[in-house]
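Student: Quick one: structure below, then a few questions.
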Amino acid sequence: MNSHHTLANKIYLAEDDADDRMFFEDALTEVSSQTKLIITEDGVELMSVLDSTVPPVPYALFLDLNMPRKNGFECLKEIRQSDKMKEIPVVVFSTSDRKEIIDRAYSLGANLFISKPPSFGLLKKALQMVLSTDLMNGGRQIPRAQFFCKFA
């Protein structure tokens, strides 16, 4: 465990599906019990919670795209336009792996795009990978070729 990993003290999850939220929380607890998870259920709630808790910037925000009231793309756009939030590493976490969806997330400034893993074990693997990655990549966006990750 490197020192960067110990900074992963706070992760946000924006996800409207209750089963997916529980799955994520259980996997994160097994992978990194020290990490505090803040869960929001839609984009409006996410932006309001971020507004009141950032700074400090969390280790990562896992952002579902298909959410009621405000979708993930709208949130991502607002985050990147906000002075206090623009440094948040955003991991798009979606069932979609369509190229145009991935391209759009990339062009809006997401740091990583993970196709939702089909099993608990693969979700843990995905979380381990994210927790050991410098998501901000020294302030430059990760190359497009490395942006999309699928665990199957």
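No value in this document is a laboratory result; all are computed from the given coordinates. Predicted, not measured: the structure shown is a model, and the values here were computed from it. Cβ atoms come from the backbone with ideal geometry, glycine included; neighbour counts cover every protein chain shown.
Student: Kindly provide the GluC sites (Glu not before Pro) of region 47-132 that DSSP labels as loop, not H, G, I, E or B, and whose Cβ sees at most 16 other Cβ atoms within 10 Å.
Tutor: Listed in order of number, the matching sites are E87.
Student: A further question follows. Could you work out [θ]222 nm for the chain from helices alone, using -39500 (n - 2.57) per DSSP H run of at least four and dividing by all its residues? Round to the nearest 500 deg cm²/dmol.
Tutor: It comes out at -12000 deg cm²/dmol, rounded to the nearest 500.
Student: Moving on. Sequence-distant or interchain residues sharing an amide H contact under 5 Å with Y12, placed H: which?
Tutor: Long-range HN contacts for Y12: I38, A60, L61, F62.
Student: Between region 84-140 and region 5-72, how many Å separate their Cα centres?
Tutor: The distance from the Cα centre of region 84-140 to that of region 5-72 comes to 12 Å.
Student: Report the label-to-label distance for D19 and K99 in nanometres (one decimal), using points 7 Å from each Cα along the Cα→Cβ vector.
Tutor: About 3.1 nm separates the two model spin labels.
Student: Counting other Cβ atoms within 10 Å, keep those with at most 11, restrict to DSSP loop, and tell me which GluC sites (Glu not before Pro) in region 8-54 are left.
Tutor: Sites meeting the loop and neighbour criteria: none at all.
Student: Per residue, how much space in cubic angstrom lies within the convex hull of the C-alpha atoms of the chain?
Tutor: Numbers: hull volume 15.9 nm³, N = 152.
Considering the Cα atoms of the chain, their hull volume per residue is 104 Å³.
Student: Considering the convex hull of the alpha carbon atoms of region 61-141, report its projected area averaged over all viewing directions, in nm², one decimal.
Tutor: Across all orientations, region 61-141 yields a mean hull projection of 5.7 nm².
Student: Taking R0 as 25 Å, what's the FRET efficiency between S82 and S119 from their Cβ-Cβ distance, rounded to 0.05?
Tutor: So the FRET efficiency works out to roughly 0.10.
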